Amino acid sequence: MRPDFAVKLDHEHHQRLEAGLVRRVRTAGDARPGRIVVDGRELIDFGSNDYLGLARHPRLIEALVIAAKAGVGARASHLLGGHHAAHDALQQALAAWIGYPRALLFSTGYMAAQGALTALLGRHDLCVQDRLNHACLIDGARLVDADLRRYRHGDAADAARVLAAAPDRRALLATDSVFSMDGDIAPLSPLAALAGPERAWLMVDEAHGLGVLGPQGRGACAAASLGPDEVQVWMGTLGKALGGFGAVIAGSDDLIDALVNGARSYIYTTALPPALARAMLVAVGLARGADAGRAHLQALIAHLRAGAADQGWELLPSATPIQPLLVGDSPAALALSQRLEAAGCYCPAVRPPTVPKGSARLRISLSAAHTIEDVEALLVALGKREMAGQL
Ligand SMILES: *Cc1c(COP(=O)(O)O)cnc(C)c1O
């Protein structure tokens, strides 16, 4: 008898239920910067990627509203009439900001990674990746059936071993700059130093670095003084610190031409709404000039880390706004998240398969929209570690 999908779904649901891994989409209402409204209650939002508080910035809102008077959708893909002047202006502003010859817009970071990896890699090419890279980098390499090999997290020496084991293959080394669930920064300088002599290209996903790190918020590569000569494929997203939606790949003229001609996730999809591109152009300007916001973020990070340590809580080592509190067990992570929510702080639990088995955590993320008092409220809600009982 042919096996049935309904049976499979039911079986998988019960497995997730037993393991405490069922996910539930919660609906967020309108809220002020730094806040989230769920189930009708306003909570301090420690779950967003809106690191500079731009998602609800009045100038972004105004730019979007004004631009949308000319229309909502792009009406077509970039290659078939959907590419507008707003897209050009945004691409140029992004390239100028991060110091690259050219930049190409994609609808999402997921699609940008997929487009770049599938346009570059073939079946016989080597793709060497950090074990904790974002799913979009892993999936892109898998989609073209490249020889995907993963090295120990943050371990450039292990990456070197993996590369040296296949010296006759074309190779792309790919890493997140800031790891999305851990908050630590990849060893970008050592990775660049080993990729060069190996004639491998380096791709860096700056989803959580752009706007947050480096001079003018240009990202972790810029902070490490790495540019187009060392990081041939630079990727950033517009849905995190830039407060909007969309993504960008930057690189040489040749790379961008190759993507325009070969990246299926660029070619076979509708262009980003031009009004959104106009708003993102304003976001680039605000993010470039947000040194005060970045300094405030650093102060919030220091305050949280010191306070948590004082109370006996151990945060993973991180100098970025992503400050994970490792719990381990999924039901315990969920219970802690619910306890904080009852006290007014939204700190979602992140469980497998988003993170490795046995490493469920609260992903506390800070934003320039928070005040020191917000962080204080979180510390009060956490309380002393020894009073929190079995985790
Ligand atoms: C969020 C994220 C992406 C995906 O970006 P979207 O624009 O949300 O699709 C890619 N890489 C990393 C590291 C991310 O955290």
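FYI, it's all coordinate maths here, none of it is from the lab. In this text the structure is predicted, and so the values were computed from the model without any measurement. Virtual Cβ from ideal backbone geometry, glycine too; neighbours counted across all protein chains shown.
Any residue in the range 28-51 that's of a type in the set (S, T, N, Q): show its pairings with residues that are part of a strand (DSSP E or B) at Cβ separation under 7 Å, as long as the two are six or more apart or on different chains. Close Cβ pairs (under 7 Å, with a partner that is part of a strand (DSSP E or B)) amount to Ser48/Ser365; Asn49/Ser365.
Report yes if Ala295 is under 30 Å from Ile372 (Cα atoms), away from the ligand (no atom under 16 Å from the Cβ) and assigned to a loop (DSSP other than H, G, I, E, B), otherwise no. In short, no.
Take the residues in the range 127-145 that are more than 14 Å from the ligand (Cβ to nearest atom) and under 18 Å from Glu198 (Cα atoms); name whichever of them is surrounded by the fewest Cβ atoms within 10 Å (Cβ to Cβ). Only one residue tops the list, namely Cys127. Number of residues in the range 146-188 that are within 16 Å of the ligand (Cβ to nearest atom) and more than 24 Å from the chain's Cα centre (by Cα) equals 0.
Is there a residue being away from the ligand (no atom under 16 Å from the Cβ), in contact with a helix residue (DSSP H, G or I) (Cβ under 7 Å, 6 or more places away or on another chain) and outside any strand (DSSP E or B) anywhere in the range 325-332?
Here is the first cut: in the range 325-332, the ones away from the ligand (no atom under 16 Å from the Cβ) are 325-332.
Add one more test, that the residue is in contact with a helix residue (DSSP H, G or I) (Cβ under 7 Å, 6 or more places away or on another chain), and what stays is 327.
Subset that is outside any strand (DSSP E or B): none.
No, the range 325-332 has no match at all.
For the range 189-263, the strands (runs of 3 or more DSSP E) that sit wholly inside it and include 1 or more residues that are within 15 Å of the ligand (Cβ to nearest atom), aliphatic (A, V, I, L, M) and more than 24 Å from Asp158 (Cβ to Cβ) are 247-251.
If you go through the range 206-234 and pick out every residue that is among the aliphatic types (A, V, I, L, M), crowded, with 20+ Cβ neighbours inside 10 Å and more than 18 Å from Asp182 (Cα to Cα), you end up with 5. Can you tell me which residues in the range 334-351 are touching a helix residue (DSSP H, G or I) at 6+ places or on another chain (Cβ under 7 Å) and not small (Gly, Ala, Ser)? Once the filter is applied, which keeps residues that are touching a helix residue (DSSP H, G or I) at 6+ places or on another chain (Cβ under 7 Å) and not small (Gly, Ala, Ser), the range 334-351 yields Leu340, Cys345, Cys347, Pro348, Arg351.
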